[in-house]
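Report on the structure given below.
Rule-based calculations on the coordinates, nothing more; no lab input. Remember, it's a predicted structure, so these values are computed and weren't measured experimentally. Counting neighbours? That spans all protein chains shown, and the Cβs are built from the backbone with ideal geometry, glycine included.
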Amino acid sequence: RTLETELREAVETGAFTLFYQPQVRLADGHIIGVEALLRWNHPRQGLLTPGAFLDVLESSPLACRVGEWALEEACGQAAAWQAAGLALRVGVNLFAEQLRQGDLDRKVGATLARHGLPPQALELELTETIVLRQAASELEPLQRLHALGIRLSFDDFGTGYASLATLKRFPLDRIKIDRGFITDLGEDRHDAAIVDAMISLGRSLGMEVIAEGIETAEQEAWLRARGCELGQGYRYGKPMPAGDLLRLAQRRN
Ligand code: G
Ligand code: G
Ligand code: MN
Ligand code: NA
C-alpha cells in the first residue's frame, strides 16, 4: 500500500494527534504560547513525526483535511486550557493548499467561534515557501485573517529565498528565526551577526521575534541581551502531549 493510502486511512480512523511545544517570554521564562505539531499514531511503526510523511501529505488532496483537523483540534485544546485558567496562544502550521482555497478566513473564523476563542488566541504559521508561492489573489485571505486580529508568523525565517520586501508585502506579525542560526550562536560569528540583524529588522518593523531551537542557557542569554523577546526550544520543552503541556505551564507560570 502506498503512503498516501495509509494517510487516507489515518485521516478516517483519527490516527493523527497534536503535540505542543512551549514558547516562552525570555524576560521571565513564562510560557505564553505553544506551537501545535502534527504526529501520526501509525498502526505498526508507532508515533511518527512529520519528517516521515509531510512531503507526501503536503502534495496530496488530504492536506486540507488534515490542516483543518489540526486547526479544530488546536483550538479545542486552547479553549480547554483557557477553561483551566491558562491563556496560551496556540500556533498552527498551515499547508499551502489551505490558502489556495480562498476561504481560509471564513473557516478560521468559524472554528474560533465554535470554541468561543478570541482571535488573539490563535497564531497561524506560514513557511517562506508558502509565502513565496502565493499569488496576489491568495494574499487576500491572509489580509482578512490579519484584520480579524489573528497573528501571522513567518516560520523558518532566513532559510529560503524570500527577499526582505516580502516582509513589507505580507501582513506578518511575527518572525520565527530558524533554529539553524541558533545552534552555533556562541561559536559562529556569522550566525551571530545574522541573528542580530534579524532581531533588529523584526523589531524595527514592529514585529514580534521568536528564536527557535534554543537548547542552552548561553543561547538564551545571548538572545535576551540582543532584544529577542520570545523563545522556543528543548531548553523549555520538547513537543509533548496536551496534558503534559498543561502541567508544565501550571508549574512554571
Ligand atoms: O514536530 P517536528 O519538529 O518534527 O515538525 C517538523 C515540521 O513539520 C515543522 O517544522 C512544521 O513545519 C511541520 N509541521 C508540523 N505540524 C504541522 C501541521 O500541523 N501542519 C503543517 N502544515 N506542517 C506541520
Ligand atoms: O515548524 P517547524 O518546522 O519549525 O517545527 C519545529 C521543529 O523543530 C519540530 O520538529 C521540533 O521537534 C524541532 N525542534 C524544536 N525545538 C528544538 C530544539 O531546541 N532543538 C532541536 N534540535 N530541534 C527542535
Ligand atoms: Mn512551525
Ligand atoms: Na521553524
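Hey, how many Å between the Cα centroid of segment 113-138 and the Cα centroid of segment 28-71?
The two parts, judged by their Cα centres, are 16 Å apart.
Mind checking which of Ala121, Ala15, Ala217 has the largest fluctuation in a GNM of the chain, springs on alpha carbons under 10 Å?
Result for the chain, Cα springs under 10 Å: Ala217 fluctuates most.
Need one number: nm distance between label points at Gln250 and Trp69, each 7 Å from Cα along Cα→Cβ, rounded to one decimal.
The answer from the label model is 2.9 nm.
Just in segment 18-113: which chymotrypsin sites (Phe, Trp or Tyr not before Pro) are loop by DSSP and have at most 15 other Cβ atoms within 10 Å?
Nothing satisfies the criteria.
Please give the FRET efficiency for Asp55 paired with Tyr234, using the beta carbon to beta carbon distance and R0 = 25 Å, rounded to the nearest 0.05.
Calculated value: 0.55.
For the chain, take N as its residue count and report Rg(C-alpha) divided by 2.2 N^0.38 Å.
Cα Rg divided by the expected 2.2 N^0.38 Å: 0.99.
Between the DSSP loop rule and a limit of at most 15 other Cβ atoms within 10 Å, which trypsin sites (Lys or Arg not before Pro) in segment 35-79 are left?
When the trypsin sites (Lys or Arg not before Pro) of segment 35-79 are filtered for loop state and at most 15 Cβ neighbours within 10 Å, Arg44 remain.
Using only Cα positions of segment 84-208, each an equal point scatterer, no hydration layer, compute I(q)/I(0) via Debye at q = 0.10 Å⁻¹ and quote the log10 values to two decimals.
One equal scatterer on each Cα of segment 84-208 leads to -0.34.
Taking 0.36 nm per residue of sequence separation and subtracting the Cα-Cα distance, how much length would be gained by fully extending the chain between His30 and Ala87, in nm to one decimal?
Full extension from His30 to Ala87 adds 19.4 nm.
Distance from a point 7 Å along Cα→Cβ of Arg203 to each backbone N in segment 211-253: keep the residues under 16 Å and list them by number.
211, 220-231
Given +1 on the Cβ of Lys and Arg, -1 on the Cβ of Asp and Glu, and no further charges, what dipole in debye does segment 151-253 carry about its Cα centre, rounded to the nearest 20?
Result for segment 151-253 is approximately 480 debye, rounded to the nearest 20.
Considering the dipole of the chain built from charges on the beta carbon (Lys and Arg +1, Asp and Glu -1) around the Cα centre, which of Leu71, Ile130, Val209 is farthest to its positive end?
Result: Leu71.
Of the residues Val90, Val11, Val131, which exhibits the maximal mean-square fluctuation in a Gaussian network model of the chain defined by a 10 Å Cα contact cut-off?
Between Val90, Val11, Val131, it is Val11 that shows the largest mean-square fluctuation.
Can you tell me which of Asp28, Asp103, Asp191 moves the most in a GNM of the chain? Springs connect C-alpha atoms under 10 Å apart.
Taking springs between Cα atoms under 10 Å, the residue moving most is Asp28.
With an 8 Å cut-off on Cα pairs and a minimum separation of 6 or more residues, tell me the relative contact order of segment 57-206 in percent.
It rounds to 18 percent for segment 57-206.
Below 8 Å, C-alpha to C-alpha, sequence gap of six or more: please give me the relative contact order for the chain in percent.
Relative contact order, the chain: 21 percent.
Could you pull out the trypsin sites (Lys or Arg not before Pro) across segment 1-33 that fall in loop regions by DSSP (anything but H, G, I, E, B) with no more than 12 other Cβ atoms inside 10 Å?
Passing sites in segment 1-33 are Arg1.
Calculate the dipole size of the chain relative to its Cα centre from +1 charges on Lys and Arg beta carbons and -1 charges on Asp and Glu beta carbons; express the result in debye to the nearest 20.
620 debye
When the dipole is taken about the Cα centre of segment 1-147, and only Lys, Arg (+1) and Asp, Glu (-1) are charged at their Cβ, what size is it in debye, to the nearest 20?
Charge dipole, segment 1-147, about its Cα centre: 240 debye, nearest 20.
Mark the label point 7 Å from the Cα of Glu218 along Cα→Cβ and return the residues of segment 159-195 whose backbone N is within less than 16 Å of it.
Of the residues in segment 159-195, 181-193 have backbone N under 16 Å from the label point off Glu218.
Classify segment 205-253 as rounded, prolate or oblate, taking a ≥ b ≥ c as the square roots of the eigenvalues of its Cα gyration tensor: rounded when a/c is under 1.5, otherwise prolate if a/b is larger than b/c and oblate if not.
Taking the square roots of the gyration eigenvalues as a ≥ b ≥ c, segment 205-253 is prolate.
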